[in-house]
Amino acid sequence: MKVPVLIPRIFDHPHTYLSGKFNKLKPGTIVTVPFGKEKEIGVVWDEEEETKRKFKLKNILEKNRISLDKKLIKFINWFSLYNLAPKGMVLKMFLGDKSYLKKSSDKFDQIRMKNQSKFNLNNEQKKCLNQINGFGNKFNVTLLQGITGSGKTIVYFEKIKEKILKNKQVLVLLPEIFLTNQFNQRFEDFFGFKPAIWHSKITKKNRRIIWQNINSGKIKLVLGARSSLFLPFKNLGFIVVDEEHDSSYKQDEGIRYNARDMAISRASIENIPVLLSTSIPSLETYNNVINGKYNFAKLEKRYKDFSLPNTEVVNLSLNRKNKNIWIDIKTLNLVKKYLKKNQQVLFFLNRRGYAPFIICRACGQKLECPNCSVYLTYHKKLNKGMCHHCGYKTEIKKECKKTNLTCEFQMYGPGVEKIFSELKTIFPEKQIKILSSDFLSNKKEAGSLLEDIEKNKVNILVGTQLISKGFNFPNLNCIVVVDADFSGMGFDLRSNEKNIQLYNQLSGRAGRFSKDSLIIYQTFDPSGNTLKNLIENNQEKFLDEERQLRKKRKLPPFTRLIAIIIYSVNEREGFLEAQKVKNNLSIIKNIDILGPVISPIPKIKSKYRTRLLLRFDNGIFVQKVLSKLLKKINISKKIKLTVDVDPLNFS
């Protein structure tokens, strides 16, 4: 009997085998098959690949006790089609390491849930929970929107509790792995047991234990980054996407996909509800609420009625005498009031390192990355220039074109290390820490720092955007935005939206347990539109204006985009190849093909990048015809072609 088997390699179709000694093999059965001179793991698939070529068929060798659900096969087929990714590579994300399939007696204990929770919902939270329950247990998408600190988490915890009591499995997606530790504690406080944590940093052994216990249905609650979407749940009953607006849900390397959108697809196939939680939704989600595709529940007040932080704008043009000092005297006077009360202060700057530009005083040379079309950032901790795209590091040395001696480099612009250095000079007696990915190299270090912050052992924090993502610091009551000049990149159509979301999230870190909190915006342009929108804090007005602007310009969510990126060692070859791809795709009806253009950052990791952008109406599904045409194009072996459906990054 012929059996289609999908192998987790770069194939977009299953291979055909004979069932051999095994009678009926159902789709989802994991098997071992001969593949060339090797043995390979595969999964019995739902459809045989039609071919006119004749092959001598081989027998399936082994049948594994572990199998995948039929719904997973349906999801993999859809994921592959939508994102134009080979089915075999999508399957590989589900199967992970071969050790997952080995017999094991290791168990992951999720003890019985607490009967009595110490958390009590207020009236507004109860109303939201009743609304969510009213939307039913079959597939539906609900946006739970609430101002920062309103207690959205506790609302969906109650919903999760209901699902677990019915023996269902629940997946909670988070945008950032550093969040999982603090969230883990919140879960334990509420439910009385720890959720299974899933992200790239957990050990190989733990991955195997968690994978097998999810597949057997023993693990009921999973908290994870976007890769947890590819776990083989047996009885999934509910999915939560926390901070749904966060662009970290978009995978921008390897197989490209948006975990939020694919979570909705998986929920649809599983026929279960999915909840999107945020303080300011993405414009796509907001548009789906307005169009009636998504349900909506909203929390208007902070938990226990604590107010949002007051705002203060500090004009850097007025008092700045030293161009190398970035903290204004007015800012310092305001900050000191909070430090005197033993309250924490955060200085926020979304720029890693010490200085973003390293320029020679004599000849004007800038230190550049040899692999990428970008300047190096000086990192004082390393005492080196570093590229944030490829990781290249170098000593700060170069021959001066003017003096023929070593360049006399000057640092320009602030990074978090520069602000840290300034603060250490001003407040030598205070405990000051940096919260940035460069300073959190491992789980233990991150956990220790977060614990110190929660226990008020840290007086001043200096952080990048990592700190805006859902952390809960009880004693943080003052935030300083060091550089509130929101220059949106011209090549990012969502720059305004991202700025509003980021700084709204950031302001929500302050005053969660205080009626006296403050956010200070330092700026050279106090009349800037983004700053005005932030201070006004009228989210609906901003989203409606942005929505109208996108509609006028024929941009998402009113059209769909697919980017095609050509990578090449030679810039001209890449451009010509992109032109050839465009010519071949021009037969597709009802789409605009924009480009080819050289990427705004032309070279990354020694490869030049040329882009095409396909734009089409929402009602058109282009992927099927696009996939067929791309397979027919004879692309040079010197070229790598990547397809990015619903791109967020245009750099």
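Within the range 238-255, restricting attention to residues that are open to solvent by less than 40 Å² (accessible area, probe 1.4 Å) and of a type in the set (Asp, Glu), the residue that is farthest from Ile280 (Cα to Cα) is Asp242.
Annotation: of all residues in the range 601-634 being open to solvent by 50 Å² or more (accessible area, probe 1.4 Å) and more than 24 Å from Asp261 (Cα to Cα), the one that is modelled with the lowest pLDDT is Asn634. Could you tell me whether Ile587 is without any contact (Cβ under 8 Å) to a residue 60 or more places away in the chain, open to solvent by 30 Å² or more (accessible area, probe 1.4 Å) and out of contact with any strand residue (DSSP E or B) (no Cβ under 9 Å at 6 or more places or on another chain)? Here the answer is yes, as Ile587 does meet what is asked.
For the range 408-426, the candidate set comprises residues that are assigned to a loop (DSSP other than H, G, I, E, B) and open to solvent by 10 Å² or more (accessible area, probe 1.4 Å); within that set, the residue that is nearest to Gly364 (Cα to Cα) is Glu408. Taking first residues from the range 297-326 that are under 19 Å from Lys532 (Cα atoms) and modelled with pLDDT of 80 or more and partners that are among the charged types (D, E, K, R) and not in a loop (DSSP other than H, G, I, E, B), the Cβ contacts under 8 Å between residues at least 6 apart in sequence or on separate chains come to Val314/Lys330. Would a scan of the range 96-119 turn up a residue that is at pLDDT 90 or above and either open to solvent by less than 40 Å² (accessible area, probe 1.4 Å) or in a strand (DSSP E or B) (or both)? Checked the range 96-119: no residue is at pLDDT 90 or above and either open to solvent by less than 40 Å² (accessible area, probe 1.4 Å) or in a strand (DSSP E or B) (or both). Taking the criterion of being touching a residue at least 60 places away in the same chain (Cβ under 8 Å), part of a helix (DSSP H, G or I) and among the basic types (Lys, Arg), the only residue of the range 614-628 that qualifies is Lys624. When you check Asp525 against the structure, is it at pLDDT 90 or above and either open to solvent by 10 Å² or more (accessible area, probe 1.4 Å) or not aliphatic (A, V, I, L, M) (or both), yes or no? Considered against the rule, which asks whether it is at pLDDT 90 or above and either open to solvent by 10 Å² or more (accessible area, probe 1.4 Å) or not aliphatic (A, V, I, L, M) (or both), Asp525 comes out as no.
The condition of being closer than 20 Å to Lys469 by Cα and modelled with pLDDT of 95 or more holds for Ser277. In the set (1) part of a loop (DSSP other than H, G, I, E, B); (2) touching a Lys or Arg at 6+ places or on another chain (Cβ under 6 Å), Gly364 fails one condition alone, (2). Of the numbered criteria (1) open to solvent by 20 Å² or more (accessible area, probe 1.4 Å); (2) under 22 Å from Phe119 (Cα atoms); (3) hydrophobic (A, V, I, L, M, F, W, C), the one Leu174 fails is (1). When the criteria are applied in full, Gly470 fails the requirement of being surrounded by 21 or more Cβ atoms within 10 Å (Cβ to Cβ) and modelled with pLDDT of 80 or more. Pairing each residue of the range 403-422 that is farther than 9 Å from Tyr354 by Cβ with any residue that is surrounded by fewer than 15 Cβ atoms within 10 Å (Cβ to Cβ) and of a type in the set (Phe, Trp, Tyr), provided the two are 6+ apart or on different chains, yields no C-beta distance under 7 Å. In the range 128-142, the qualifying residues are those that are out of contact with any strand residue (DSSP E or B) (no Cβ under 8 Å at 6 or more places or on another chain) and surrounded by fewer than 19 Cβ atoms within 10 Å (Cβ to Cβ), and the one that is farthest from Gly237 (Cα to Cα) is Asn130. Here the condition is being under 23 Å from the mean Cα position of the chain (by Cα) and modelled with pLDDT under 80; of Gly488, Gly511, it holds for Gly488 alone.
Listed by first and then second residue, the pairs linking a residue in the range 63-77 that is closer than 17 Å to Ile214 by Cα and at pLDDT 95 or above to a residue that is part of a loop (DSSP other than H, G, I, E, B) and open to solvent by 40 Å² or more (accessible area, probe 1.4 Å), with Cβ atoms under 6 Å apart and 6 or more places separating them unless they lie on different chains, are Ile73/Pro27; Ile73/Asp46. Restricting attention to the range 36-56, the residues being modelled with pLDDT of 90 or more, under 14 Å from Pro4 (Cβ atoms) and either of a type outside the set (Gly, Ala, Ser) or assigned to a loop (DSSP other than H, G, I, E, B) (or both) number 4. Taken together, the criteria exclude Lys341 from residues that are of a type in the set (D, E, K, R) and modelled with pLDDT under 90.
Screening the range 526-613 for helices (runs of 4 or more DSSP H) wholly inside it with 1 or more residues that are in contact with a helix residue (DSSP H, G or I) (Cβ under 9 Å, 6 or more places away or on another chain) and within 30 Å of Tyr286 (Cβ to Cβ) returns the ranges 529-536, 539-552. Going through (1) farther than 18 Å from Asp492 by Cα; (2) part of a strand (DSSP E or B) one by one, Lys631 falls short only on (2). Just one of the listed residues (Gln169, Gln145) is touching a Leu at 6+ places or on another chain (Cβ under 6 Å) and open to solvent by less than 10 Å² (accessible area, probe 1.4 Å), namely Gln169.
Here is a yes/no grid of residues against (1) modelled with pLDDT under 90; (2) crowded, with 19+ Cβ neighbours inside 10 Å:
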| position | (1), (2) |
| --- | --- |
| Leu435 | yes, yes |
| Ala446 | yes, yes |
| Glu451 | yes, no |
| Ser517 | yes, yes |
| Asn538 | yes, no |
| Phe542 | no, yes |
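Residues checked against (1) of a type in the set (A, V, I, L, M, F, W, C); (2) on the phi > 0 side of the Ramachandran plot:
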| position | (1), (2) |
| --- | --- |
| Ser527 | no, no |
| Thr530 | no, no |
| Ile535 | yes, no |
| Arg547 | no, no |
| Lys554 | no, yes |
| Ala578 | yes, no |
| Arg609 | no, no |
| Leu612 | yes, no |
| Phe616 | yes, no |
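For the range 1-56, the set of residues classified as hydrophobic (A, V, I, L, M, F, W, C), within 27 Å of Thr642 (Cβ to Cβ) and crowded, with 19+ Cβ neighbours inside 10 Å consists of Leu6, Ile7, Ile41, Val43, Trp45, listed by residue number.
Looking across the range 371-387 at every residue that is open to solvent by 70 Å² or more (accessible area, probe 1.4 Å) and part of a loop (DSSP other than H, G, I, E, B), the one that is farthest from Thr403 (Cα to Cα) is identified as Lys381.
Arg547 - would you say it is open to solvent by 30 Å² or more (accessible area, probe 1.4 Å) and under 30 Å from Ile635 (Cβ atoms)? For Arg547, the condition - open to solvent by 30 Å² or more (accessible area, probe 1.4 Å) and under 30 Å from Ile635 (Cβ atoms) - is not met.
The values are calculated or read from the model by the stated rules, or taken from the named source; none is laboratory data. Just so we're clear, the structure is a prediction, and the values are computed from it rather than from any experiment. Every residue, glycine as well, gets a Cβ built from its backbone with ideal geometry; the counts of neighbours run over all protein chains shown. Surface accessibility is based on the protein's heavy atoms, side chains included, excluding ligands, DNA and RNA. Shrake-Rupley method; radii C 1.70, N 1.55, O 1.52, S 1.80 Å.
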